[in-house]
1. Which condition from (1) touching a helix residue (DSSP H, G or I) at 6+ places or on another chain (Cβ under 9 Å); (2) outside any loop (DSSP other than H, G, I, E, B); (3) farther than 17 Å from residue 25 by Cβ is the one that residue 166 breaks?
2. Condition check: more than 16 Å from ligand 2 (Cβ to nearest atom), outside any strand (DSSP E or B), modelled with pLDDT of 95 or more and within 25 Å of residue 150 (Cβ to Cβ). Does residue 116 satisfy that?
3. Restricting to segment 38-65, count the residues that are within 16 Å of ligand 2 (Cβ to nearest atom) and touching a helix residue (DSSP H, G or I) at 6+ places or on another chain (Cβ under 7 Å).
4. Take residue 22 and tell me if it is in a strand (DSSP E or B), crowded, with 21+ Cβ neighbours inside 10 Å and assigned by TED's automatic domain parsing to the domain that holds residue 142.
5. Residue 191 is checked against (1) in a strand (DSSP E or B); (2) within 16 Å of ligand 1 (Cβ to nearest atom) and fails just one. What number does that condition carry?
6. Which of the residues spanning segment 156-174 are in contact (Cβ under 8 Å) with a residue 40 or more places away in the chain, out of contact with any strand residue (DSSP E or B) (no Cβ under 6 Å at 6 or more places or on another chain) and under 22 Å from residue 188 (Cα atoms)?
Ligand SMILES: Nc1ncnc2c1ncn2[C@@H]1O[C@H](COP(=O)(O)OP(=O)(O)OP(=O)(O)O)[C@@H](O)[C@H]1O
Ligand SMILES: [Mg+2]
């Protein structure tokens, strides 16, 4: 059963279209992530699901009930949703406990139930020690967790999260990712999660919607988004990639500015963009797909992160750590390619090295 149905939703502000033709069904218990660069329309979509913004056309249904269209707008508090906004707001005049308890208090739940639930949630968001603190006495990341706790406490069927971890340090952020995923599974709730951080999208989602300039580029599992990106934008936005221009014909690709010829048995012919992820390149001593010289290398512990000059191009290569320091700068090395993607040339120039 689908919990949220989005049917041909578009959004315009004045003459500017910020979302085009969003159609999908979010199934029961699904973790959906809207992923894309700043300004692509993620928050706008979330605000429409929440009921803070009307679509310019199309309809949104929750549990089969029409909640948003040009003429209908069911208010947020009647949608059974919990939310954490990008600019999270906690009540400044209430301590942490009361902030988290607020949604239960307005539902007039018994005192004992409120205490139990709030204490459990405070534990989940690692704020038990701060229950009596006022928001002004908390760091940004702690306030963000108060907002998350407040959204979770009423056990909503749908939880909308807009970059809820943006103010946390790296360690806490990873831990909270795990916690959010656990909570979602335990409570069996639907999550619509907005982020521009691809690793958040990869680790938590059942399906990822990659959006660019208001247009959905691909809807897929994290694995497929990474391994089978539909176009150059998705390949570039999710993970690291080297782009090379070339011409594909007769089972081979001639690369611009590079002498080596790539064997290719796929069906894209003519002008192409070849996308090679740095981790799909491996430095070896002798004969290989590509040949060049190491320009720089960085020992990262688990891998050797290098730049390799191949003809006129410089490629980023993430090779195994054992290759670090093994080859001189003047030495010709081989680069073995374990996997690459070929897209029809769309006329755009991509950066050769994306970090
Ligand atoms: N009320 C508004 N009036 C006019 N334009 C708006 C309004 N709200 C958002 N926009 C525009 O719509 C586009 C999408 O904005 P949105 O906030 O959805 O982006 P986003 O993907 O959430 O970006 P970020 O990652 O920076 O938060 C932007 O170009 C923004 O300037
Ligand atoms: Mg936003």
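1. Of everything listed in (1) touching a helix residue (DSSP H, G or I) at 6+ places or on another chain (Cβ under 9 Å); (2) outside any loop (DSSP other than H, G, I, E, B); (3) farther than 17 Å from residue 25 by Cβ, residue 166 misses just condition (2).
2. Numbers: more than 16 Å from ligand 2 (Cβ to nearest atom): yes; outside any strand (DSSP E or B): yes; modelled with pLDDT of 95 or more: yes; within 25 Å of residue 150 (Cβ to Cβ): yes.
Against the criterion (more than 16 Å from ligand 2 (Cβ to nearest atom), outside any strand (DSSP E or B), modelled with pLDDT of 95 or more and within 25 Å of residue 150 (Cβ to Cβ)), residue 116 qualifies.
3. Adding up the residues that qualify gives 3.
4. On the way: in a strand (DSSP E or B): yes; crowded, with 21+ Cβ neighbours inside 10 Å: yes; assigned by TED's automatic domain parsing to the domain that holds residue 142: yes.
Yes.
5. (2)
6. The answer is 157, and nothing else.
Here is a yes/no grid of residues against (1) within 16 Å of ligand 1 (Cβ to nearest atom); (2) surrounded by fewer than 21 Cβ atoms within 10 Å (Cβ to Cβ):
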position: 17; (1), (2): yes, yes
position: 33; (1), (2): yes, no
position: 49; (1), (2): yes, no
position: 54; (1), (2): yes, yes
position: 59; (1), (2): no, yes
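The values are calculated or read from the model by the stated rules, or taken from the named source; none is laboratory data. Bear in mind the structure is a predicted one, so any value in this text is a computation, not a measurement. FYI the Cβ positions are ideal-geometry reconstructions off the backbone, even for glycines, and counts take in every protein chain you see.
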